[in-house]
Structure formats: C-alpha cells, structure tokens
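Enquirer: Below is a structure I'd like to ask you about.
The values are calculated or read from the model by the stated rules, or taken from the named source; none is laboratory data. On a predicted model such as this, the values are computed, not experimentally measured, just so you know. When we count neighbours, we look across all protein chains shown, and the Cβ atoms used for this are built from the backbone with ideal geometry, even at glycine.
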Amino acid sequence: MRINCPVCGERDRREFYYKGAAVALERPAPDAGEAAWDEYVHLRENPAGETRELWYHESGCNGWLVVTRNTVSHEISGVELASEARS
Amino acid sequence: MVELVAKTPCAGLLPVSVGDLRIEETHMLPMSVIMPFLGKEEAVGATLQKAHGLALPPVNRAEIDGETSVLWFGRGQFLLRGAAPDADLTDLAAVTDQSDAWAVVRLSGAKAADVLARLVPVDMRLSAFPEKSTVRTDLMHMMASITRLGPDSFQIMVFRSMAQTLVHDLKGAMEAVGARG
C-alpha cells in the first residue's frame, strides 16, 4: 500500500503511523453537551466502504494527513494535509 | 576529577569496506535545525543566503557548497550543517543545536544505490534520485535523512543512539550486494 503524501510524494505505507478515524478534526465545543462528547470520545463508525482517517507521516515530513480510504478494497481516493482539511 | 573524552557517534565502528563499497564517518560539524515561524520562510531564505551563501531548498532537495549544506528536513524544517547559524535567524525561526544528536556517515561505491535499495522504501537510482536530492524516510526501522552527494555517494543520517544499528544494517546490505558480484 502506498500513500501519496501532499508534501513528500508517493511513499510506502511503512513510513506512516495510523491514528484512526478523522474525528479529532471535529472536536465539539466545550458546552456541546454530554451526547456530543460521548459520541466524540467513544462512538466510532465501522464502515465497509469509504472512511476518513488520520495518518502521521512519521518517518517522512512529520505531516498529519487525512486519508480517504475504502476499507473493502483498500483503495485510497484522497490525501490532504490535516491542517488544510480543517480550515 | 573525571576526565571526559569526546567521542564521535561512530567511534570504533567505521570505516567499513566491502569490495569498492565503503562507509565512513563524516567530520563532526555544527548542525542546527531551523524551523521558520509562520510566514517567515522567505526572510529565513534571505538571511541564509546573505550569511551562509545558501538558499532555502525546496522539498526533497539540498543546497550544498563544500562542507556547508542546507537540507530540507521535514515539513517546515531545514538542517543547516557546517556553520553556526547566523544570530539574525533566531528572530525568524526556532533554531535548535543538533550537532551531537545525529550519526552522519557517507556511503560510497559504484553500487551504493543497490545497497540502499535493500534498506530504504524510496527509489534511490540516479534517474529517480539525482544529485542534491534528499529524503526523510526509513532505513530499516530507523528514521533517516538520506542525501545524494554524487553519482556514487550518499550522506546518511540517523539518531546518534542508533549508530551501531546503522553500521550493522549497512554492512549486511553491502556484503549481500558484494556477494552478487
């Protein structure tokens, strides 16, 4: 599996660290209420299909990436810097 | 009084030769990582040019002039080697001294790229990785910075604590390449 890092170019999977679903980019407001925080901290989708995830280019540029990946085919359909995905 | 003796990261480990392949430790030189503050990259480039005669390199490239070099060293990071950083840089960037933190070795020989092909998940052939190319990548399981100095020579940097593993892994790959003739 290869990931096309927006900074470094296409690189082998072993250079990256996998963080998990990209929920960290949608942190609720402090007063969003118990339900929103419960969902943010504990509840995760488990899709058979497209999912957005955070990967860290640990051995490369040190950039945090949002990778859109299909969990069935492992096809990667999009990679962007987390700092840009947020704004 | 205890007398402390300064040792280089690869003291007692290098040089190592296998056929015409050779690894040797480079001179100890001052090294600093420069991380330009937001929006200050251009000003850092201008200061580097003025004080050290080298431009800020683009991603995956190195600027080299004799023993002084500036490597792209990660997202928003540059490594100045061979000169103490100009005092003006500290207003424009976070500058940290890393002189003792890295083992810096030179791998040379006609089949140097074949040696790295066994250790590194990046295409190191001359056609894909010309002179003054640099990458941050893995060398076996170590985070490394690899720079092409010439057609048959590379600079390899890993954390100082991993010097012995670096030499072990390079030597194994050199012997494997050498055995194929």
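Enquirer: Do we find that A:ASP31 is modelled with pLDDT of 95 or more, part of a loop (DSSP other than H, G, I, E, B) and more than 14 Å from chain B (Cβ to nearest Cβ) in this structure?
Expert: Judged against the criteria, A:ASP31 is a match.
Enquirer: So, in the stretch A:57-75, of the ones that are buried (at least 17 other Cβ atoms within 10 Å of the Cβ) and assigned to a strand (DSSP E or B), which residue ends up farthest from the other protein chains (Cβ to nearest Cβ)?
Expert: Once the filter is applied, the top-ranked residue is A:ARG69.
Enquirer: Give all pairs with beta carbons closer than 7 Å in which a residue from the stretch B:28-51 that is closer than 21 Å to B:GLU67 by Cα meets a residue that is buried (at least 17 other Cβ atoms within 10 Å of the Cβ) and basic (Lys, Arg); count only pairs at least 6 apart in sequence or on separate chains.
Expert: B:LEU29/B:ARG81; B:MET31/B:ARG81
Enquirer: Taking the condition of being crowded, with 20+ Cβ neighbours inside 10 Å and in contact with a Leu (Cβ under 7 Å, 6 or more places away or on another chain), how many residues in the stretch B:81-94 meet it?
Expert: Summing the residues that are crowded, with 20+ Cβ neighbours inside 10 Å and in contact with a Leu (Cβ under 7 Å, 6 or more places away or on another chain) in the stretch B:81-94 gives 1.
Enquirer: Something else: If I ask for residues that are free of Cβ contacts under 8 Å to residues at least 40 places away in the same chain, within 14 Å of another protein chain (Cβ to nearest Cβ) and on the phi < 0 side of the Ramachandran plot, which ones from the stretch B:131-161 would you list?
Expert: Matches in the stretch B:131-161: B:THR137, B:ASP138, B:LEU139, B:HIS141, B:MET142, B:MET143, B:ALA144, B:ILE146.
Enquirer: Among the strands (runs of 3 or more DSSP E) confined wholly to the stretch B:64-117, which include 1 or more residues that are more than 15 Å from the chain's Cα centre (by Cα)?
Expert: B:93-97
Enquirer: Which members of the stretch A:2-19 meet the condition of being buried (at least 16 other Cβ atoms within 10 Å of the Cβ) and either among the hydroxyl-bearing types (Ser, Thr, Tyr) or touching a Cys at 6+ places or on another chain (Cβ under 7 Å) (or both)?
Expert: A:CYS5, A:VAL7, A:CYS8, A:ARG11
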